[in-house]
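Reviewing the structure listed below.
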Amino acid sequence: MLRFLLLLCLACAGWGASAQDKAPAVQSVQIQDVRPDASDEPGYAQQSNAERGKVQPGNNAPMWRQVRNRWIIPYGGALLLIVLGAIALFYWGKGTMALHGQPTGRMIERFTPFERSAHWANAIAFTILAISGLVMAFGKFIILPVIGTTLFGALTYVLKNAHNFAGPLFAVSLVVVIVTFIKDNLPRAEDFQWLARFGGLFSGHEVPSHRFNAGEKVVFWLGVFVVGLIVVGSGLVLDKLIPDLVYERSTMQLAHMVHAVATIVMMVLFMGHIYMGTLGMEGALDAMRTGYVDETWAKEHHELWHDDIQAGKIPAQRSTPATAPTVQA
Ligand code: HEM
């Protein structure tokens, strides 16, 4: 009998306690409220996921830190270096693709002032974002040991703000770039021949293409459109700019990982684009700088586009020039 009463008392006490526990548990949707001082625990930053779960239930930051530090940072960094090395080797072996024929002095407008403004706004924003992003992700391992915590703290503070200001410029100019260039990047039958023969990379005879070749179209659809929009979308989540989204810890962790992976893919693709637009091909940068290319350049690199212009199907001059185009030497 005594044993029965004791058990009854224990059961009542247990029931009472669990009913009391429920109230704060329901209130503490913000998991930090469970143990606001948990971060004061010795070795808090080194806790495993299981240990963190005990002091802050639902906080799986240690797992995401491992994903970042063990996967994204080392493999992402290695990928960037490998691609950079491959491009350097390619340049070393092949050099700049020079024009074979003589320039005619007759110029074709390749990019209007509007197209160039959109492109350069986007490219400048991209460069600021890439440099600041790389320093924030990898600087801890490379720059911090050299310049120390005070300078590195100041540097990352400035770069983080630069990143946050360049982000919206990149997002807006990306949409303008997509709308401006989408028409001439639509796939055409000739693109398959171009891809099958790698654009003539190994034969030495460039495969004829329209205004943009299939390589440029792959960068456009994959790098600018798909990955570009993922980068911008995840960036907007990180900036908490998407209305009505619940910005809890898991949302930010996921957005952070998506952003990191997508930006690495984007940088890899754009390293190829920037190489071809600068060192890789003679005259390409002039096209984006001045807006004009020589007829010989058009014939050698985009023969079908050149033929359409000669046939009068596409105007050689699309914008109203402030001054007559200068003749290239
Ligand atoms: C940061 C340095 C960059 C440089 C030096 C550069 C250079 C160039 C050059 C020279 C061209 C003309 C190529 C041709 O005539 O066929 C071009 C075209 C283009 N660039 Fe860039 N670019 C840069 C960054 C970017 C970025 C960040 C984006 C977009 C996210 C971008 C998107 C485009 C697009 C859409 C075209 C038109 C060709 C196409 O649709 O494939 N560029 N760029």
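We did not get these values from a lab; they are worked out from the coordinates using the rules stated. It should be emphasised that the depicted structure is a prediction, and the values quoted were computed from it without experimental measurement. Don't worry about glycine lacking a Cβ; one is built from the backbone with ideal geometry, like all the others, and counts go over all protein chains shown.
Could you name the lysines in cross-link range of K313, using Cα to Cα under 19 Å and dropping any fewer than eight places away on the same chain? Answer for K313, where 19 Å is the Cα cut-off: K183, K299, listed by chain and number. Between M281 and M97, the built amide H atoms are under 5 Å apart, and every one of these is 5 or more places off in sequence or on another chain. Taking label points 7 Å from Cα along the Cα-to-Cβ direction, A98 and V146 give a separation of 3.6 nm.
Sparse packing (at most 14 other Cβ atoms within 10 Å of the Cβ) combined with a DSSP loop state is found for the following GluC sites (Glu not before Pro) in region 206-278: E248. The protection proxy used here, the mean number of other Cβ atoms lying within 10 Å of each residue, ranks peptides 250-257, 198-205, 232-239 as follows, highest first: 232-239, 250-257, 198-205. Tell me, what is the FRET efficiency for R289 and A50 to the nearest 0.05, using R0 = 51 angstrom and their Cβ-Cβ distance as r? That pair, R289 with A50, gives E of 0.35.
Given +1 at the Cβ of Lys and Arg, -1 at the Cβ of Asp and Glu and no other charges, the dipole of region 85-191 around its Cα centre is 160 debye to the nearest 20.
The ranking of W92, W297, W64, W71 by Cβ neighbour count inside 10 Å, starting from the fewest, reads W92, W71, W64, W297.
Within region 223-265, list the residues whose amide N lies under 19 Å from a label point set 7 Å along Cα→Cβ of A162. Flagged as within label range: 263-264.
Per residue of the chain, the DSSP helices (runs of n ≥ 4 H) give a summed -39500 (n - 2.57) that works out to -20000 deg cm²/dmol at 222 nm. Take each peptide in 138-148, 303-313, count the other Cβ atoms within 10 Å of every residue, and average; sorted highest first, the result is 303-313, 138-148. Computed extension length for I124-K183: 18.9 nm, one decimal, from 0.36 nm per residue of separation with the Cα-Cα distance subtracted. Applying 0.36 nm per residue to the separation of F198 and V176 and subtracting their alpha-carbon distance, the gain on full extension is 5.0 nm. In units of the rule-of-thumb radius 2.2 N^0.38 Å, the chain shows an alpha carbon radius of gyration of 1.42.
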